[in-house]
Structure formats: C-alpha cells, structure tokens
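Here is the structure we will look at, set down as structure tokens.
The values are calculated or read from the model by the stated rules, or taken from the named source; none is laboratory data. In this text, all values refer to a predicted model and were calculated from it rather than measured experimentally. All Cβ positions, glycine included, derive from the backbone under ideal geometry; neighbour counts span all protein chains shown.
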Amino acid sequence: MDIFSTVIQYLEWMHFTVPTSIAFLVVFSIIFLLIIFYKIRPSKPKKGFFPFPLQRGDRVFFGGILFMTIYLIWLATPFPIEYGLIPALLAFIIVYIWG
C-alpha cells in the first residue's frame, strides 16, 4: 500500500463537495493575495471605526468573522439562504474599507 492510498483512507470521512472546495479556495486565495499585497506594499496600521488601529490582515479577519456571524444568524431565519449573503458581504466590505 502506498502513502497516497493511506492518506485517502484517513480522509474518507471528509466529504468534500464543490461548495466546500470553493470556500477553501476562496480563503486560501485571500491569504495568498494578502501575502502578495504585503510584499508589494506593506500595510500600515489604520484607525477606522474600531477603537484601535488595524492592518490589512486584521480587517480581513474581522470582516470574515462578521461575515460568518451574519450568515449563521441568517440561517436561523425562515428567509431564503441566498439573501443572507447580501448583508454579510456588505458588512465584510464595510469592515475591510472603513474598519
């Protein structure tokens, strides 16, 4: 038995679907872009509506947490799930730009 089939056996309990793969791809792409942007132009702390200065990566992190929170709260409502992405995405953008 080779190492590849052993790894596959350990990961069989994970059922990666297309939406899950896309979500992981988006997160890793954002991290990769943050690295590239930092190499091109390093981030300087910026004070927005949060009471402490944040750098680019901090704003992405807080925006992602806010996005997930709004989306999970939306799951508890009877509204269609697609409409939950709109306020969550707007919150992420607001935190990233003005946070």
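Within this structure, residue 16 fails the test of being closer than 17 Å to residue 96 by Cα, in a loop (DSSP other than H, G, I, E, B) and at pLDDT below 85.
In summary, residue 5 fulfils each of the numbered conditions (1) in the same structural domain as residue 92 (by TED's automatic domain parsing); (2) of a type outside the set (Phe, Trp, Tyr); (3) without any contact (Cβ under 8 Å) to a residue 12 or more places away in the chain with the single exception of condition (1). Scanning the range 52-99 for residues that are among the aromatic types (Phe, Trp, Tyr), assigned to a helix (DSSP H, G or I) and farther than 28 Å from residue 38 by Cα gives 71, 74, 83. Residue count for the range 42-99, restricted to those that are within 20 Å of residue 30 (Cα to Cα) and of a type in the set (A, V, I, L, M, F, W, C): 21.
Cβ-Cβ under 8 Å, sequence separation 6+ or interchain: first residue in the range 75-99 and farther than 27 Å from residue 43 by Cβ, partner hydroxyl-bearing (Ser, Thr, Tyr) and loosely packed, with under 14 Cβ neighbours inside 10 Å. Which pairs? Pairs found: 84/77. Within the range 31-51, the set of residues being surrounded by fewer than 14 Cβ atoms within 10 Å (Cβ to Cβ) and in contact (Cβ under 8 Å) with a residue 12 or more places away in the chain comprises 37, 38, 49.
Of the residues 85, 54, which is modelled with pLDDT under 80, in contact with a Phe, Trp or Tyr (Cβ under 8 Å, 6 or more places away or on another chain) and surrounded by 10 or more Cβ atoms within 10 Å (Cβ to Cβ)?
85
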